[in-house]
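Take a look at the structure set out below.
The values are calculated or read from the model by the stated rules, or taken from the named source; none is laboratory data. The structure presented is a predicted model; accordingly, all values stated were derived computationally and were not measured. Note: ideal-geometry Cβ built from the backbone for every residue, glycine included; neighbour counts use all protein chains shown. Ligands, DNA and RNA are stripped out before the accessible areas are found, and what is left, the full protein with its side chains, is counted by its heavy atoms. Shrake-Rupley method; radii C 1.70, N 1.55, O 1.52, S 1.80 Å.
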Amino acid sequence: TLTVDSILNTSNVLMDSIFKYSFVYNGSKPTLVINEIMYNDQSGPDTLEFLEILNNGSTTAVLGGLSFGQGITHEFAAGTMLSAGSYLILAKDSINIQNVFGVTSTTWDGGGLTNGGEDVLIWNSNKDTIDYVNYDDGNGWPTDPDGGGYTLVLCDPSTDNNLAASW
């Protein structure tokens, strides 16, 4: 993590403390898998949208600095870790997820999942793809999750999660 503060302007005057920037660099390529997607829930305004991410690797994954390049917007904070075999849930509204499903999640930074399908991409600081799914509400993809109250669930995390047949 690189934090920049105490910035001087062009007149050599210390700028206000609101001008503080933090950058988290992460060039790692952990074995993360988008394992479950709730994209068109029955709540109306889609407040129950979430993504479940699995660390399908054999070591703890350092997530700080990894971000979503498509789909939702979110960058993992410095120090965020995910143990091997563990799951992490990112949600549009973590309070709603807790109230309805009784599980802990992290609210993503912005955006939402489109109900007709879209690209969801996790990448590192070098823009190397960690995982990518282009889910759809047709074209061979399961249709029950399209407003039926179900989620897309990956059958086997070792398969290609960008293929409709894997869900």
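How many angstrom lie between the Cα centre of region 129-146 and the Cα centre of region 74-116? Centre-to-centre distance over Cα atoms comes out at 18 Å.
Does the chain classify as rounded, prolate or oblate by the C-alpha gyration tensor (a ≥ b ≥ c root eigenvalues; a/c under 1.5 gives rounded; else a/b over b/c gives prolate, otherwise oblate)? Prolate shape, in that a/c is at least 1.5 and a/b is the bigger ratio. Accessible surface computed residue by residue for region 44-167, with neighbouring protein chains in place and a 1.4 Å probe, gives 46 Å² per residue. Across the accessible surface of region 10-167, with the other protein chains kept in place and a 1.4 Å probe, carbon and sulfur atoms take up 49 percent. Over the chain, DSSP H runs of length four or greater, each weighted -39,500 (n - 2.57), average out per residue to a 222 nm ellipticity of -1500 deg cm²/dmol.
Every pair of different Cα atoms in region 40-139 enters the Kirkwood calculation, which places the hydrodynamic radius at 14.2 Å. Taking amide H positions as modeled 1.01 Å from N, with prolines and chain starts lacking one, the residues under 5 Å from D109 and 5 or more places away or on another chain are T73, H74, E75. Note on the chain: GNM, Cα springs under 10 Å; of G117, G69, G149, the largest mean-square fluctuation is that of G149. GNM remark for the chain: springs join alpha carbons under 10 Å apart, and the peak mean-square fluctuation among N139, N35, N124 falls on N139. Annotation: amide H-H contacts under 5 Å for G57 (H modelled 1.01 Å from N, sequence separation of 5 or more, or interchain): T31, G85. Cβ-Cβ distance of Q70 and N99, R₀ of 30 Å, FRET efficiency by 1/(1 + (r/R0)^6): the value works out to about 0.55.
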